[in-house]
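Colleague: Structure provided below as structure tokens; questions to follow.
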Amino acid sequence: MTKKRLFAIMLCSATLAAADVAAATPPPLDAASLGAADQHDAEDAALRRMLEQFRAIQISLTEAMATAERLHDGSRTADISFEISGPPVYRVRTVKNERIWENVIDANTGRVLQKETTSSLKELDRGDLANIIALKWIKQRLSDAVRVAEKAAAGSALAGGLMKQDGKLNFVVVIANGDRLKEVMLEPPKLATEGAIHQ
């Protein structure tokens with residue numbers, strides 16, 4: 001997962017929620033007059049709505065990861081995000097060997113919604129593939145990074161994943177703290193080499 005994708009998912013979710021509200025109000029007389037300030041206000045409103053829904057849910061991001069990982073024994077969470085394009089859910093991608101599973105977990109009940117999507121590592125773009133392969137050699141799990149990030153930022157995680165930025169591999173966790181989002185980057189312990197693992 002790329003950093004852009006992580007935030008795009010969250011912003012898209014919040015924007016879709018705002019679009020539902022905007023559909024109930026008439027458009028401005030001159031749609032071209034909608035300026036950057038108005039767009040910023042709409043994004044802020046969408047973010048506030050997303051955070052309100054996030055604060056009201058019953059299932060934590062860590063619980064949703066555990067639910068998804070239990071579906072495939074030995075799998076690990078590659079990335080997860082909170083979404084509100086319909087009822088509040090977590091979208092979780094788990095991986096084991098050559099398979100990737102994507103599940104939607106109800107953020108209030110913890111139940112799996114929708115049909116699971118399965119794909120192969122061969123279907124990923126190069127960036128996602130590199131992150132998933134790196135996940136295999138890292139001892140630390142995303143759930144460990146989430147716990148550290150929540151404590152450091154004094155909030156609750158609503159998205160996370162492993163990604164490469166500026167040549168470094170990091171866990172990136174997005175934390176909701178009050179009415180703000182904070183990004184916490186954690187460098188996992190040094191990657192083990194394949195030779196070191198076999199010794």
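The values are calculated or read from the model by the stated rules, or taken from the named source; none is laboratory data. Everything numeric in this text was worked out from a predicted model, so none of it was measured. So basically every Cβ, Gly included, is an ideal-geometry build from the backbone, and we count neighbours across all protein chains shown. Note: areas computed on protein heavy atoms with side chains; ligands, DNA, RNA excluded. Shrake-Rupley method; radii C 1.70, N 1.55, O 1.52, S 1.80 Å.
Colleague: Full-extension gain between MET185 and ARG126, please, as 0.36 nm times their residue separation minus the C-alpha to C-alpha distance.
Modeller: Between MET185 and ARG126, full extension yields an extra 19.1 nm.
Colleague: How would ARG99, ARG91 rank on accessible area, largest to smallest, probe 1.4 Å?
Modeller: Sorted descending by solvent-accessible area, the residues read ARG99, ARG91.
Colleague: What's the carbon and sulfur percent of the range 88-132's accessible surface, probe 1.4 angstrom, rounded to a whole number?
Modeller: Answer for the range 88-132 is 47 percent, counting heavy atoms of protein chains only.
Colleague: Something else: Could you put MET50, MET185 in order of accessible surface area, largest first, with the 1.4 Å probe and the full protein assembly present?
Modeller: MET185, MET50
Colleague: Can you figure out the FRET efficiency of LYS139 with THR117, using R₀ = 30 Å and their beta-carbon distance, to the nearest 0.05?
Modeller: 0.60
Colleague: Considering all alpha-carbon pairs of the range 127-183, what whole percent are spaced by more than 19 angstrom?
Modeller: 32
Colleague: Obtain the radius of gyration and the Kirkwood radius of the range 81-156 from its C-alpha atoms and give Rg over Rh.
Modeller: 1.00
Colleague: If you build the convex hull over the alpha carbons only and average its shadow over all orientations, what do you get for the range 56-110? Give it in nm² to one decimal.
Modeller: Computed as one quarter of the Cα hull surface, the answer is 3.5 nm².
Colleague: How big, on average over all directions, is the shadow cast by the Cα convex hull of the range 64-199, in nm²?
Modeller: Mean projected area of the Cα convex hull: 9.3 nm².
Colleague: If ligands, DNA and RNA are left out, what is the accessible area of ILE57 with a 1.4 Å probe, given in Å² to the nearest 10?
Modeller: 30
Colleague: Using R₀ = 30 Å, calculate the FRET efficiency as 1/(1 + (r/R₀)^6) where r is the Cβ-Cβ separation of ASP44 and ALA66; round to 0.05.
Modeller: Step by step, r from the Cβ atoms, then E = 0.40.
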